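Worksheet: the structure to be examined is printed underneath.
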Amino acid sequence: EPEFGSLWEHGARYANDVAAMPSLHAAYALLITLFLWRVVSRPWRIVLVAYPLAMAFALVYTAEHYVSDVLVGWLYALGVFVAVDRLYRRGAAS
């Protein structure tokens, strides 16, 4: 069983040098879905939901990102979308 000292000295071999936190690929895919959700008909919403899910699968399957990178990217996108939407609605109401 590895000890902390060993992990500290040799832990870089367990890192993925190309996996950015958060995954902006995942974030942008979800932002597109959120932006278009209100303006597309119901059949197209299936495609909209499939897009960020397919992107997440591809990112994790090809080892470009960890699942946590994708989830944090989605949270980032959702937070930004909600914040901008509220600011826009506040400005439109004035």
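Numbers at a glance
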quantity	calculated
Whole-Hz ³J(HN,Hα) from phi, Karplus 6.51 cos²θ - 1.76 cosθ + 1.60, for the stretch 70-86, glycine and proline x	5, 5, 5, x, 5, 4, 4, 5, 4, x, 5, 4, 5, 4, 5, 4, 5
Peptides 65-76, 47-58 ordered by average Cβ neighbours within 10 Å, highest first	65-76, 47-58
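Only the coordinates and a few stated rules stand behind these numbers; no lab work does. All values reported here derive from a predicted model rather than from experimental measurement. Backbone-built Cβ (ideal geometry, glycine too); neighbour counts: all protein chains shown.
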